[in-house]
1. Using θ = phi - 60° and the Karplus relation 6.51 cos²θ - 1.76 cosθ + 1.60, list the HN-Hα couplings for the stretch 45-53 in order, rounded to whole Hz, with x at every Gly or Pro.
2. Quick one: give the max-minus-min coordinate of the C-alpha atoms of the stretch 47-108 along each principal axis, largest first, in Å.
3. Calculate the FRET efficiency for residue 155 and residue 208 from the Cβ-Cβ distance with a Förster distance of 35 Å, rounded to the nearest 0.05.
4. Would you kindly calculate the translational diffusion coefficient of the stretch 112-187, applying Stokes-Einstein with the Kirkwood radius from alpha carbon pairs, for 10 °C and a viscosity of 1.306 mPa s, and quote it in µm² s⁻¹ without decimals?
5. Taking 7 Å along the Cα-to-C-beta vector as the label spot, tell me the residue 129-residue 230 distance in nanometres, rounded to one decimal.
6. Once you've got the Cα coordinates, tell me which of 155/277; 133/274; 127/177 are over 26 Å apart.
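Values in this text are rule-based calculations from the coordinates and carry no lab data. All figures in this text were calculated on a predicted structure; none of them were measured in a lab. So basically every Cβ, Gly included, is an ideal-geometry build from the backbone, and we count neighbours across all protein chains shown.
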Amino acid sequence: MAGKRRPKKSNRKKSKGKGNKKQAKAEDIVQELVPALPTFSITPPPIYMANIANIKELVKNLKEITCEGEFLFRITSVSVRLMIKTPDSYKEVIEHLKVAQYEFHTFKLRDRKPLRVVVRGLHVDTKPEELEKDLSERGYMPKDVSRVVHPITGKELPLFYVDLEPGARNRTIYELKTVGCQEVHVEKPRQRREVVQCHRCQGYGHTRNYCHRLVRCVRCAGGHDWRQCEKRRDSAAVCANCEGDHPANWRGCPAHKEARKNRKRQRRLALVSKAAKCRVKEVSPEP
Ligand SMILES: [Zn+2]
Ligand SMILES: [Zn+2]
Ligand SMILES: [Zn+2]
């Protein structure tokens, strides 16, 4: 599907209409500096579903609200994953699932997410404003640029955190190779070590913001928020994940261990597929 970015009509009109050559020239230069915006198809995040009573009926309903071939289920022994092709269909499907009270969780749409990256390789004399200006000139929308300081020594490092406003162009920032004649590497910041746990359903790998699963109490596994919990102090806790006699957020829970293992496995797979993609790029001939 065509990307969300519309061509900058207003700018074109200005340069044509008044015949302002200076302005046209300036625009040409900017055009040269800013590489042509690729049209992205923004892939919506997957929707993980639970306890589907009748999948045939769900498929039938989804066919009615989306176009042919717009969705696909990937079912394994541990999860039911629903993938939607376009953001528009994704929004329709989410609405339907909410109204029909399905249990599911999903994630933020990528084009609505701000992006944080680390820019490595700039001399410590570089000011955050300089990097910010450079990125703006290349068509990015930096929200905040800050220098990374060593947590113990307090020494300034040749690293910057860059926060970009949400936008389809953000993904190209990893291809940035130089800033002000200095070679740079753009990387993802280190991910936190802990697995995320949802405060609504107590499941792992997602947060409560996009969770529409049943509420489970962290103390007694009941269908209520922990603030409404009536479990007495002297009665044993019940884990919503493994039914053991501990609160659902106990790190020693077998479900927590399993979630940690899964995350490691996923990361390994992601690294393998990334390496494979790089190899394909190297092998494929120049167009
Ligand atoms: Zn949840
Ligand atoms: Zn409770
Ligand atoms: Zn447990």
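1. Once rounded to whole Hz, the list reads x, x, 10, 9, 10, 9, 6, 7, 6.
2. 28, 26, 22
3. 0.35
4. Rounded, D is 127 µm²/s.
5. 6.2
6. As for pairs spanning more than 26 Å Cα to Cα, those are 155/277; 133/274.
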